[in-house]
Structure formats: structure tokens, C-alpha cells
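Here is the structure we will look at.
What follows is calculated from the coordinates using simple rules that are stated; it is not laboratory data. None of the values given here were measured: they were computed from a predicted structure. Please note: Cβ atoms are built from the backbone with ideal geometry, for glycine as well, and neighbour counts cover all protein chains shown.
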Amino acid sequence: MNSFAELITTRRSTRKFTSELLSPEEVEMIMAAALKAPSSKRKNPWQFILVDNKDMLKKLAASKEHGAAFLEECALAIVVTADGTVSDVWIEDASIAAIYMQLQAEDLGLGSCWVQIRNRVTPDELDADEYVRSLLDIPYQLQVLCIIGIGHKAQERKPFDDAHLQWEKVHIDKFTMPEK
């Protein structure tokens, strides 16, 4: 990437991946980005579980009713968890780390997509957090925020079109209602 502006314009959620695996260097760079993410009072409440086992990816793909099936075909799923006893803003801290991973993946030419787990249910109406926790032996104090699926893109998507920016959602000095 030439600039951050280009990176955030071209990064789009990718749900179709090739069968090519990630290199150890790519995985290390993605995880280094997550570990460099800022957190409140530098408490770093997060823990990450990397999954590349195809059987486990298939099970993770069933972690919620809609929007997780693509995990079965990704090269790597990163389960983002955090400890709410370490930080009361664990959701925000873990979210920042997750997006850092996605931005690093894009910078490497890889695709990624966020799968929301917190406050979601499986097709069988089980709590998605509990489902993932039981699959991966995650201790009780950690809560599962999301799963980031990463892989080589099987298709390119058009960059974000600036014509779709919702400038009406930007307010200066105070909130103002849009004119009708």
C-alpha cells in the first residue's frame, strides 16, 4: 500500500478465499499488528487463538446462524477473546486489535472478514460465545468477541466509493438534525 488512505479505501470484507495457505511471516506480521494495538491503560486484556485446522474451521463456521460459513474456506481464523476482569473496556480494546489485524492483512494483499460472536447465537440457538468457548477450551474468564477469517482473496472487490460517504452524519460543534 502506498498510504493509509489507500489502505482503508481498498480494504473490503472478503468471504471467498483460495486454498493457498498463509506463510509463517504473514501470520507473524498480522499477530504483531494485533499485539501493537493500543489498549486502555495498556492492560492488553486480549488473547488470540489461531486456528488453521480444517475440521475446526468447519466447526467455527457453524458458530452463528448467518455470516460465518466462509470460515470453512479461509486459511486462518483468529478467535479474538478478552478478559473483562482485566479491563472494563475489553470490548473496545479487543475490537481495536481485531481491526489492526484486518488492516495488516489488507496491507499484505490478503483478505479478511469479521464474524461477530458476542451477543450472537448458533443455528441451534446456543450462545455463540459458549459454543466457541467449548470448541477451543477457552477459560471462563475470557469472553469471545469475534473471529477474523483471513486468507488469499479468491476475488477482488471494488474499492470503497467516496460518493457513498455519509457526510450528513458529521456534525460540527453540536449535533444538528438534517433538514428535510
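Values computed for the structure shown
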quantity	calculated
The chain: most fluctuating residue of ARG133, ARG42, ARG12 per GNM, C-alpha cutoff 10 Å	ARG42
Cα-Cα separations in the stretch 1-65 greater than 18 Å, expressed as whole percent	62
Cα-projected label distance for ALA154 with SER134, points at 7 Å along beta-carbon direction, nm	2.9
Selected from THR85, THR14, THR122 as most flexible by GNM, with the chain as the system and alpha-carbon contacts under 10 Å	THR85
Inter-part distance where the stretch 6-52 and the stretch 56-111 are each reduced to a Cα centre, Å	8
Lysine pairs with alpha-carbon atoms under 19 Å apart, the chain, spacing 8 or more or separate chains	10
Kirkwood hydrodynamic radius (C-alpha pairs) into Stokes-Einstein, the stretch 54-152, 20 °C and 1.002 mPa s, D in µm²/s	158
Antiparallel %, DSSP beta bridges [both residues in the stretch 4-169], to 5	95
CD proxy at 222 nm, helix term only [per DSSP H run n ≥ 4: -39500 (n - 2.57); per residue of the chain; nearest 500]	-9000 deg cm²/dmol
Peptides ranked, highest mean first, by Cβ atoms within 10 Å: ranges 47-54, 76-83, 139-146	76-83, 139-146, 47-54
Residue among HIS152, HIS66, HIS164 with the largest mean-square fluctuation in a Gaussian network model of the chain, springs linking Cα atoms under 10 Å	HIS164
The stretch 112-180: C-alpha gyration tensor shape, a/c 1.5 cut-off, then a/b vs b/c	oblate
